[in-house]
Amino acid sequence: MITSKKDVTEWDIGDIKKRANKHVKFTDHARIEMIEDNISVDEVLFVINTGEIIEEYPDDKPFPSCLIYGGVKDKHVHVVCAMPGHVDALIIITVYKPHPQKWVNYKRRKK
């Protein structure tokens, strides 16, 4: 489990999946990126339910967040999401297709 230093949230893909199956809020930014990269809501939810946490951002404001990587159909997809402590929901901050020149196997940033 990944623990945020600023919040009591423990980053666990199981907790994220539970929230994704209850209540999901997409930011306007996430929706714009989804349109630009031709990624559907169903594909985002599939990535959350089958993917893995590859980075965490405990100092993000207003809530700590994490990056999930997953594959759907012929796409590699990154989803940045947050689990606010005051409400049982998952916030999708952004969604995008990672650029292969910036990532090693789409899971680790190239230096």
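Listing for the model above:
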| item | result |
| --- | --- |
| Pairs with Cβ under 8 Å, 6+ apart, first in region 87-106 and loosely packed, with under 11 Cβ neighbours inside 10 Å, second modelled with pLDDT under 95 and part of a loop (DSSP other than H, G, I, E, B) | GLN101/LYS110; LYS102/LYS110; VAL104/LYS110 |
| Of residues in region 65-86 being hydrophobic (A, V, I, L, M, F, W, C) and under 14 Å from VAL24 (Cα atoms), the one surrounded by the fewest Cβ atoms within 10 Å (Cβ to Cβ) | VAL80 |
| Any hit, region 20-34, residues being surrounded by 13 or more Cβ atoms within 10 Å (Cβ to Cβ), at pLDDT below 95 and touching a Cys at 6+ places or on another chain (Cβ under 6 Å) | no |
| Residue among ILE13, ILE48, ILE54 that alone is at pLDDT below 90 and within 19 Å of TYR106 (Cα to Cα) | ILE13 |
| Residue list for region 69-98, restricted to those being part of a strand (DSSP E or B), more than 15 Å from ASN49 (Cα to Cα) and more than 13 Å from the chain's Cα centre (by Cα) | LYS75 |
| Conditions (1) of a type in the set (Asp, Glu); (2) touching a helix residue (DSSP H, G or I) at 6+ places or on another chain (Cβ under 9 Å); (3) over 19 Å from ASN21 (Cα atoms): number failed by ASP88 | (3) |
| Verdict on PRO62 being assigned to a loop (DSSP other than H, G, I, E, B), modelled with pLDDT of 95 or more and not acidic (Asp, Glu) | no |
| Selection status of GLY14, assigned to a helix (DSSP H, G or I) and either surrounded by 14 or more Cβ atoms within 10 Å (Cβ to Cβ) or without any contact (Cβ under 8 Å) to a residue 60 or more places away in the chain (or both) | yes |
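The values are calculated or read from the model by the stated rules, or taken from the named source; none is laboratory data. Quick caveat: nothing in here was measured; it's all calculated off a predicted structure. Reconstructed Cβ throughout: ideal geometry from the backbone, glycine too, with neighbour counts over all protein chains shown.
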